[in-house]
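Beneath this line is the structure, given in structure tokens, with notes to follow.
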Amino acid sequence: MLNLSHNRIERLEGLKHLDQLVYLDMSSNKLSELDVEASLPGRINIIKLNDNPIETEDPDYRKKCVVGLQWLTEMDKIKVVAAERMVYLGLMPPSRFNVK
């Protein structure tokens with residue numbers, strides 16, 4: 001577990017090698033962009049990125065995390081379900097699940 005919330009962090013870097021990291025809280029920082037594959041270890045189950053500029057500056061940031069982190073089960077206090085991941089991967093029409 002790693003909690004880096006409520007800081008002034010602007011970029012995510014140096015975490016990719018943390019192979020056992022399953023929980024990351026980066027809420028209430030100054031993140032405005034995110035390269036999921038380059039920045040985050042793939043075993044993360046829960047990630048919190050809420051209250052960062054990325055919420056408004058990148059409308060696809062949730063999609064990028066759900067697709068890029070195959071073990072993700074919760075993001076920003078919202079469960080990630082299989083149907084959501086399938087929509088993002090183009091395996092299911094968005095109309096079957098409330099996803100943009």
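The values are calculated or read from the model by the stated rules, or taken from the named source; none is laboratory data. Quick caveat: nothing in here was measured; it's all calculated off a predicted structure. In this analysis, Cβ positions are derived from the backbone assuming ideal geometry, glycine residues included, and neighbour counts consider all displayed protein chains. The protein model used for the area step is the full one, side chains on, heavy atoms only, and it has no ligands, DNA or RNA in it. Shrake-Rupley method; radii C 1.70, N 1.55, O 1.52, S 1.80 Å.
Looking across the stretch 3-49, the residues that are of a type in the set (Asp, Glu), closer than 20 Å to residue 80 by Cβ and either open to solvent by 60 Å² or more (accessible area, probe 1.4 Å) or in contact with a Cys (Cβ under 7 Å, 6 or more places away or on another chain) (or both) come down to 35, 37. For the stretch 67-97, a tally of residues being part of a loop (DSSP other than H, G, I, E, B), open to solvent by 100 Å² or more (accessible area, probe 1.4 Å) and not aliphatic (A, V, I, L, M) returns 3.
Does residue 8 count as in a loop (DSSP other than H, G, I, E, B) and in contact with a Lys or Arg (Cβ under 7 Å, 6 or more places away or on another chain)? Against the criterion (in a loop (DSSP other than H, G, I, E, B) and in contact with a Lys or Arg (Cβ under 7 Å, 6 or more places away or on another chain)), residue 8 qualifies.
Just give me the residues in the stretch 32-51 being within 15 Å of residue 15 (Cβ to Cβ) and out of contact with any helix residue (DSSP H, G or I) (no Cβ under 9 Å at 6 or more places or on another chain), in sequence order. Within the stretch 32-51, 38, 39, 41, 43, 45, 46, 48 meet the criteria.
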